[in-house]
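Accompanying notes for the structure given below.
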Ligand code: NCD
């Protein structure tokens, strides 16, 4: 007798916080099948979301995430509408909820949204029948980024449990960190947050008690299996918390000299966009330990898995 299939219990992906370790593993396992589809030499398309209408609503800038979702949707054969926030009625004063209710009246099946307001997705989820996917809400969560990071780490190391991971930089303003903290702690990784005291919010260990904090990058590097570098989010006011970019780089940049302190096979990750010469130098970003472009590659099958599981909770086989 075959074991009963895992039933994915969520209609929306609002963040990593509400997911169980089993939910996360189900997404990562489902993504494996879709990675095979993406790596096919010729036709990389499956009919899994045929005749489903997906609306991409991006109210904040995005290159990677937006393109990655759109490619994932196309590979699942979905119908796609890209909603342009600049030319929408939002610029005429319509509220988000009115925009959403009007969209709802057109009966989309899935909505992928990036929005500056933390919790905007939860609001939409309360008012809409469509499945909602969070593609980033302010400095709150960016769940698909954490899932593709986890997919990349699991592929590289075969596991997440017990893996030692340093996350370095602008912890204060990063939604990538928040989603990664939920995910990595739920799956048993050992996380150290590294940065100047001004960029690590007080009380972070009240939410994630197992997480260590360090203000000394060089002392932290030798123990780590992976190092995830973050951009300083100057558009969210990080400039007020550091003396200058040069001073920041002097203590927290990952460069060739600091790579010598790391395990030889350490994995280097970065969610992008990279500020070359600030948090990371080109020789490290483009060097042999870097998994940065693999992260981007994995974004597509991971997002395919999320979209597919929200519409098909049984997680059927890849057609
Ligand atoms: C991140 C984001 O937008 O939160 N980028 C991304 O989605 N790949 C991180 C960042 O902007 O620094």
Inset, instruction - With the condition kept exactly as written, say whether any residue in the range 158-165 is touching a strand residue (DSSP E or B) at 6+ places or on another chain (Cβ under 9 Å), under 23 Å from residue 256 (Cβ atoms) and not in a loop (DSSP other than H, G, I, E, B). - result: yes
Inset, instruction - Please report, ordered by residue number, the helices (runs of 4 or more DSSP H) entirely within the range 24-132 with at least 3 residues that are within 16 Å of the ligand (Cβ to nearest atom). - result: 64-75
Legend entry - Count of the range 133-147 residues which are more than 10 Å from the ligand (Cβ to nearest atom), touching a strand residue (DSSP E or B) at 6+ places or on another chain (Cβ under 7 Å) and part of a helix (DSSP H, G or I): 1
Legend entry - Matching strands (runs of 3 or more DSSP E) fully within the range 202-319 where at least 1 residues are in contact with a helix residue (DSSP H, G or I) (Cβ under 7 Å, 6 or more places away or on another chain) and buried (at least 19 other Cβ atoms within 10 Å of the Cβ): 226-229, 267-269
Inset, instruction - Would you be able to say whether some residue in the range 195-218 is in contact with a strand residue (DSSP E or B) (Cβ under 7 Å, 6 or more places away or on another chain) and within 16 Å of the ligand (Cβ to nearest atom)? - result: yes
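Read-outs throughout are calculated quantities, based only on the coordinates presented, and are distinct from any laboratory measurement. Note that the coordinates shown come from a computational prediction; the quantities given were computed from them, not determined experimentally. No Cβ is skipped: glycine too gets one built from the backbone with ideal geometry, and neighbour counts run over all protein chains shown.
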